[in-house]
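What follows is a single structure, written as structure tokens, with notes after it.
The values are calculated or read from the model by the stated rules, or taken from the named source; none is laboratory data. Bear in mind the structure is a predicted one, so any value in this text is a computation, not a measurement. In this analysis, Cβ positions are derived from the backbone assuming ideal geometry, glycine residues included, and neighbour counts consider all displayed protein chains.
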Amino acid sequence: DLVSILKRGKARTDAGAPGVPPTFILKPSGGTMGRGISLVQSLAQLQEADISNVVAQAYIPNPLLLGGLKWDLRIYALVASVDPLRVLLYDE
């Protein structure tokens with residue numbers, strides 16, 4: 001839960017940055033193409049933000065870059081069976 005992580009001041013994705021509070025990206029869930037995005041690092045900032053309909057993502061300080069750019073796969077994978085392995089993929 002985002003509130004408990006901010007209270008502890010630790011996030012699994014902080015890659016060992018001592019003294020640096022975790023950063024979370026709050027994105028409106030309605031597909032707003034980058035509008036309305038905010039960053040929070042404290043409970044006070046979270047309480048000020050409109051979190052009625054957002055998706056929270058932990059910020060990764062050193063992401064894997066391809067050609068100096070961030071990237072994503074935008075695919076969904078459903079493991080339908082393990083033995084035999086059967087994976088269904090869907091791309092947007």
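Which of the residues belonging to region 52-66 are in a loop (DSSP other than H, G, I, E, B) and in contact with a Leu (Cβ under 8 Å, 6 or more places away or on another chain)? Spell out the reasoning first.
Keep residues of region 52-66 that are in a loop (DSSP other than H, G, I, E, B), which gives 52-53, 59-65.
Within region 52-66, TYR59 is the sole residue that qualifies.
Give the residues of region 7-35 that are at pLDDT 80 or above and either exposed (fewer than 10 other Cβ atoms within 10 Å of the Cβ) or among the polar types (S, T, N, Q) (or both), sorted by residue number.
First, the residues of region 7-35 that are at pLDDT 80 or above: 23-28.
The one that is at pLDDT 80 or above and either exposed (fewer than 10 other Cβ atoms within 10 Å of the Cβ) or among the polar types (S, T, N, Q) (or both): THR23.
Considering region 36-75 alone, what residues qualify as being of a type in the set (Gly, Ala, Ser), loosely packed, with under 13 Cβ neighbours inside 10 Å and either in contact with a helix residue (DSSP H, G or I) (Cβ under 7 Å, 6 or more places away or on another chain) or modelled with pLDDT of 85 or more (or both)?
Listed by number, the residues that qualify are GLY67, GLY68.
Which count do you get for residues in region 67-92 that are part of a strand (DSSP E or B) and of a type outside the set (Asp, Glu)? Walk me through it before giving the result.
Step one: of region 67-92, the residues part of a strand (DSSP E or B) are 69, 75-82, 85-91.
Then keep just the ones that are of a type outside the set (Asp, Glu); that gives 69, 75-82, 85-90.
Residues flagged as part of a strand (DSSP E or B) and of a type outside the set (Asp, Glu) within region 67-92 amount to 15.
Right, SER42: more than 19 Å from PRO22 (Cα to Cα) and hydroxyl-bearing (Ser, Thr, Tyr) or not? Steps first, answer last, please.
Details: more than 19 Å from PRO22 (Cα to Cα): no; hydroxyl-bearing (Ser, Thr, Tyr): yes.
No; evaluated as a whole, the condition is false for this residue.
Taking the criterion of being under 20 Å from SER4 (Cβ atoms), of a type in the set (Ser, Thr, Tyr) and not in a loop (DSSP other than H, G, I, E, B), would at least one residue in region 28-51 satisfy it?
For region 28-51, residues under 20 Å from SER4 (Cβ atoms), of a type in the set (Ser, Thr, Tyr) and not in a loop (DSSP other than H, G, I, E, B): present.
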